[in-house]
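*Asks:* Okay, here's the structure, questions in a sec.
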């Protein structure tokens, strides 16, 4: 591939990336917080790749170099915060606390690395290795959170969000790998390896997400219309089976219960079960499940024998496997925190 062609490909990738970041930031569908963090991540990648292209073509000022390096430093923490944003209890307060992950990159680049670059210190070379290690640590942490979300939250059944997160994880890892290879084999690899790889990853990710989303929407439409034949008698029978498992057998106390598992236990199609819960209870499965768990916990709080029990113990006994998820659900259904609710009950009983 010729030098000019590589520059053109990389430059187009940067421009498309900037446009994509603006589009994602204002995208009205899905989790808006996640969309905006993703837009910021794409912007960081654009700045890093743009710096690599500019430094190859022009003798750019140090401040532009520093901006590119700072963007590269922030990619790892940004991927981490992006995937964290898919947690059910991710609030605006937690988003604010997440900014702490960016303090070290800003301080390190703005003061320390800027000095090394000006003095052409040998520590500059080692700092890039440290940057790659820093990036990889956050990437591994992000991958672990993704696995947790797939196993423990409604993300398990959300194929579109899973595909977006996978694309981010794969794309950012491939970009990291390209810069690692260049740092090791710089004499044999082209200077624009990173920008070229990023451009290709960007195009392929957009293509596959678009193709898959089309297929997904079509399949959901087919499922929706294929399920319209459900009669009133069948719906009532299914509702009775659901209540039997929840009211009598208290299936909701199982911390690992998913819609797929409940579908199997009740011998009801996954799509049918989801639709019945959505239409009859006006909530999704996760909300339906948590409503029973919170109600169970509130009943325990009213019993004298649980008056001195720790709230965390009550949460686990009610089927939750995460205190943060429990607190978020409790606040949603009762409009009070667990400790506030317990105080209200104790005042009424006294």
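All of the numbers you see were taken from the coordinates with simple rules; none came from a lab. Here the structure is a predicted model, which means the values were calculated and not measured. Note: ideal-geometry Cβ built from the backbone for every residue, glycine included; neighbour counts use all protein chains shown.
*Asks:* 7 Å from Cα along Cα→Cβ at both residue 136 and residue 261: what's the point-to-point distance in nm?
*Replies:* Taking the simple label geometry, residue 136 and residue 261 are separated by 3.6 nm.
*Asks:* Please give, to one decimal in nm, the separation of the simple spin-label points placed at residue 96 and residue 15, each 7 Å out from Cα toward the Cβ.
*Replies:* Reported label-point gap for residue 96 and residue 15 is 4.1 nm.
*Asks:* Let me ask you something else. Would you work out if segment 125-175 is rounded, prolate or oblate? Take a ≥ b ≥ c from the square roots of the eigenvalues of the alpha-carbon gyration tensor; rounded if a/c is under 1.5, else prolate when a/b is larger than b/c, oblate otherwise.
*Replies:* Judged from the Cα gyration tensor, segment 125-175 comes out oblate (a/c at least 1.5, b/c at or above a/b).
*Asks:* Extension gain residue 159-residue 239, at 0.36 nm per residue separation less the Cα-Cα distance, in nm?
*Replies:* Length gained, residue 159 through residue 239: 26.1 nm.
*Asks:* With the radius of gyration and the Kirkwood radius both derived from the Cα set of segment 232-349, what is their ratio Rg to Rh?
*Replies:* Over the Cα atoms of segment 232-349, Rg/Rh equals 1.02.
*Asks:* Compute the separation of the alpha-carbon centres of segment 16-39 and segment 68-87 and state it in Å as a whole number.
*Replies:* That distance is 14 Å.
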